[in-house]
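Colleague: One structure is given below, represented as structure tokens, and several questions about it will come after.
The values are calculated or read from the model by the stated rules, or taken from the named source; none is laboratory data. All values derive from a computational prediction rather than experimental measurement. Cβ placement follows ideal geometry from the backbone for every residue including glycine, while neighbour counts extend to all protein chains displayed.
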Amino acid sequence: MVVAQESEGTASRVAVVGAGIVGVCCALYLQRDGRQVTLIDRQEPGQGTSYGNAAIISGTGVMPVATPGILADVPGMLMNPQGPLAIRWQYLPRLAPWLFRFVAASKPARVEEISKALAALLAEARPAFKTLLDAAGAPDMIVQRGLLTTSTTEAGLKSIEKKRQLLERHGIAVERLTIEEARQMEPGLSRDLTGVHHYPNNAHTIQNYRLVTLLAEDFVRNGGRLQRGNVVGYDIGRAGPRAVKLEDGTALDCDAVVLAAGAWSKEAGRALGATQPLDTEIGYHLTLPDPALQLRRPIASAEGAFICTPLEDGLRIGGTVELGKLGMAPNWERLRILRQNAARILPDLNFEGASRWQGFRPSMPDSLPVIGPSPSLPNTYFAFGHGHLGLTFGAVTGRIIADLAAGRAPTVDATPFRADRF
Ligand SMILES: Cc1cc2nc3c(=O)[nH]c(=O)nc-3n(C[C@H](O)[C@H](O)[C@H](O)COP(=O)(O)OP(=O)(O)OC[C@H]3O[C@@H](n4cnc5c(N)ncnc54)[C@H](O)[C@@H]3O)c2cc1C
């Protein structure tokens with residue numbers, strides 16, 4: 001049940017908690033509506049999970065992570081801690097309720113519903129970024145050069161062919177290439193592949209961290225307030241949150257709050273009603289400053305669950321999934337595997353000087369973000385849980401939140417993303 005919004009559409013001072021890609025885009029869209037927006041983060045903008053992702057603005061992200069048959073993969077995930085999908089045994093009891101919902105979301109009928117909702121969000125993802133980037137004078141931060149997915153095994157190839165059917169049903173273009181055709185597009189590719197698929201609609205940003213920081217700078221240039229601080233609570237009245245409380249004792253007055261604290265949204269927003277089953281899928285990256293290969297477009301691995309993306313400052317190899325706990329210490333051994341698997345598809349890569357990173361995806365068990373009003377407080381909006389696609393869906397989420405806060409009907413039906421769906 002969504003509580004009636006007492007002063008919906010009239011809140012003039014909005015506090016956005018979290019300055020990752022999602023929070024920054026929410027702040028910008030709210031600002032475009034004439035709101036006075038304060039964007040709060042305990043770090044500089046973009047230093048959470050948005051710092052190290054694989055920079056893909058997906059053109060194909062309509063598949064939930066849990067697909068039919070996922071249950072059969074769970075024992076393998078437990079047995080092989082270095083696999084592309086892994087679970088740490090010691091977290092299994094704590095993860096069980098989330099995993100239960102995750103498996104429930106993999107039923108064919110539910111997968112179909114989830115895919116529909118993701119496809120609707122995806123259709124608006126790029127246009128929503130274009131609005132913000134044009135206004136910031138940085139339209140070239142996102143480029144559309146497609147993506148290649150390589151397979152190195154028959155099983156990998158089969159899984160991509162299966163996905164292809166679903167993508168084509170959503171009108172998403174997929175081309176099967178011969179290895180030689182693929183090597184003409186990317187000469188650095190190994191000859192030792194079982195298949196390559198091309199996704200021409202895929203886009204990427206030339207630097208994901210710079211994308212967040214330049215959007216945050218635009219927000220400040222337009223009169224927005226950026227506040228550094230750790231959010232520890234809220235002053236809540238009849239009309240919802242009246243102030244956001246920081247650890248240093250500061251209270252920031254507001255008429256509405258948007259919770260966009262990524263994987264930390266539950267701990268930062270429990271008092272706002274953020275009790276949804278948010279957990280984390282841990283990922284890693286290596287960034288090669290001098291990769292020795294000039295990729296024109298990102299290249300993904302069907303088996304390794306990672307993507308190699310050419311950035312303006314090197315080649316990012318990012319991905320893999322480890323179900324664990326927020327704040328868990330990095331398992332750098334996973335990078336050795338990432339490196340080995342990347343070298344299988346791009347044998348000439350130079351790893352010298354590579355930097356490494358661990359990040360926490362904010363993941364919902366049904367692969368759908370939470371975008372909408374708090375189920376328990378007026379003038380409170382949630383924008384978290386974007387999992388594998390938080391960069392892709394950052395701008396469209398901001399636009400939906402601004403629409404909801406203004407009492408306008410969003411151009412994307414936000415019903416599948418509502419917070420009270422669990
Ligand atoms: C390896 C990897 C690869 C990925 N690749 C892609 C990709 O190619 N494409 C894609 O679309 N997505 C990708 N993702 C997912 C994407 O990075 C995330 O979904 C996205 O960054 C989430 O953004 P966010 O703004 O919600 O969270 P964050 O970027 O984590 O921002 C949340 C912010 O909230 C702040 N915060 C938290 N608690 C508090 C508090 N109490 N007080 C103040 N501030 C607080 C944090 O400091 C942080 O800055 C990838 C993720 C990983 C790990």
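Colleague: Filtering the range 304-363 down to residues that are within 23 Å of Asp192 (Cβ to Cβ) and among the hydroxyl-bearing types (Ser, Thr, Tyr), which residue is farthest from the chain's Cα centre (by Cα)?
Modeller: Thr309
Colleague: Still on this structure, please answer the following. Check the range 356-375 and report whether any residue there is more than 14 Å from the ligand (Cβ to nearest atom), in contact with a strand residue (DSSP E or B) (Cβ under 7 Å, 6 or more places away or on another chain), in a strand (DSSP E or B) and not small (Gly, Ala, Ser). Explain how you work it out, then say what you get.
Modeller: Here is the first cut: in the range 356-375, the residues more than 14 Å from the ligand (Cβ to nearest atom) are 365-366, 372-375.
Those left that are additionally in contact with a strand residue (DSSP E or B) (Cβ under 7 Å, 6 or more places away or on another chain): 372-374.
Add one more test, that the residue is in a strand (DSSP E or B), and what stays is 372-373.
Now drop any that are not not small (Gly, Ala, Ser), which leaves 373.
For the range 356-375, residues more than 14 Å from the ligand (Cβ to nearest atom), in contact with a strand residue (DSSP E or B) (Cβ under 7 Å, 6 or more places away or on another chain), in a strand (DSSP E or B) and not small (Gly, Ala, Ser): present.
Colleague: Answer yes if at least one residue in the range 63-84 is within 22 Å of Phe306 (Cα to Cα) and within 13 Å of the ligand (Cβ to nearest atom), and no otherwise.
Modeller: Yes.
Colleague: Does Ser50 count as among the hydroxyl-bearing types (Ser, Thr, Tyr) and modelled with pLDDT under 95?
Modeller: no
Colleague: In the range 88-138, which residue that is touching a strand residue (DSSP E or B) at 6+ places or on another chain (Cβ under 7 Å) and closer than 29 Å to His204 by Cβ is surrounded by the fewest Cβ atoms within 10 Å (Cβ to Cβ)?
Modeller: In this case the residue turns out to be Arg126.
Colleague: Let me ask you something else. Among the residues of the range 66-83, how many are in a loop (DSSP other than H, G, I, E, B) and either surrounded by fewer than 21 Cβ atoms within 10 Å (Cβ to Cβ) or in contact with a Lys or Arg (Cβ under 7 Å, 6 or more places away or on another chain) (or both)?
Modeller: Final tally of qualifying residues: 7.
Colleague: Looking at (1) more than 16 Å from the ligand (Cβ to nearest atom); (2) farther than 30 Å from Gly240 by Cβ, can you tell me which one Ala54 breaks?
Modeller: The failed condition is (1).
Colleague: Filter the range 384-422 down to the residues that are among the hydroxyl-bearing types (Ser, Thr, Tyr) and within 11 Å of the ligand (Cβ to nearest atom), then identify the one that is surrounded by the fewest Cβ atoms within 10 Å (Cβ to Cβ).
Modeller: Quick first cut of the range 384-422, residues among the hydroxyl-bearing types (Ser, Thr, Tyr) only: 392, 397, 411, 415.
Filter again for within 11 Å of the ligand (Cβ to nearest atom), leaving 392, 397.
Numbers: Thr392: 28, Thr397: 32.
The extreme case among them is Thr392.
Colleague: Exactly one of (1) more than 28 Å from Ile206 (Cα to Cα); (2) modelled with pLDDT of 95 or more; (3) within 15 Å of the ligand (Cβ to nearest atom) is unmet by Gly240. Its number?
Modeller: Looking at each condition in turn, Gly240 falls short on (3).
Conditions (1) more than 15 Å from the ligand (Cβ to nearest atom); (2) modelled with pLDDT under 95; (3) out of contact with any strand residue (DSSP E or B) (no Cβ under 9 Å at 6 or more places or on another chain); (4) within 30 Å of Arg344 (Cβ to Cβ), marked per residue:
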position	(1), (2), (3), (4)
Val220	yes, no, no, no
Leu226	no, no, no, no
Gly229	no, no, no, no
Asp253	yes, no, no, no
Ala256	yes, no, no, no
Pro289	yes, no, no, yes
Pro298	no, no, no, yes
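Colleague: Please enumerate the residues belonging to the range 172-188 that are part of a loop (DSSP other than H, G, I, E, B), crowded, with 16+ Cβ neighbours inside 10 Å and of a type in the set (Gly, Ala, Ser).
Modeller: If the condition is that a residue be part of a loop (DSSP other than H, G, I, E, B), crowded, with 16+ Cβ neighbours inside 10 Å and of a type in the set (Gly, Ala, Ser), then Gly188 is the only one that fits.
Colleague: Taking the range 99-145 only, how many residues are under 30 Å from Pro365 (Cβ atoms), among the small types (Gly, Ala, Ser) and part of a helix (DSSP H, G or I)?
Modeller: Qualifying residue count for the region: 9.
Colleague: Which of the residues that make up the range 9-50 are more than 7 Å from the ligand (Cβ to nearest atom), of a type in the set (S, T, N, Q) and touching a Phe, Trp or Tyr at 6+ places or on another chain (Cβ under 7 Å)?
Modeller: Selection gives Gln31 alone.
Colleague: Mind listing whichever residues of the range 339-355 are in contact with a helix residue (DSSP H, G or I) (Cβ under 9 Å, 6 or more places away or on another chain) and either within 15 Å of the ligand (Cβ to nearest atom) or within 18 Å of Lys116 (Cα to Cα) (or both)?
Modeller: The one that is in contact with a helix residue (DSSP H, G or I) (Cβ under 9 Å, 6 or more places away or on another chain) and either within 15 Å of the ligand (Cβ to nearest atom) or within 18 Å of Lys116 (Cα to Cα) (or both): Ala354.
Colleague: Hey, does the range 209-226 have a residue that's over 19 Å from Pro298 (Cα atoms) and assigned to a strand (DSSP E or B)?
Modeller: Looking through the range 209-226, at least one residue is over 19 Å from Pro298 (Cα atoms) and assigned to a strand (DSSP E or B).
Colleague: Could you grab me the full set of residues in the range 204-234 that are among the charged types (D, E, K, R), crowded, with 16+ Cβ neighbours inside 10 Å and over 14 Å from Gly20 (Cα atoms)?
Modeller: Of everything in the range 204-234, just one residue is among the charged types (D, E, K, R), crowded, with 16+ Cβ neighbours inside 10 Å and over 14 Å from Gly20 (Cα atoms), namely Asp218.
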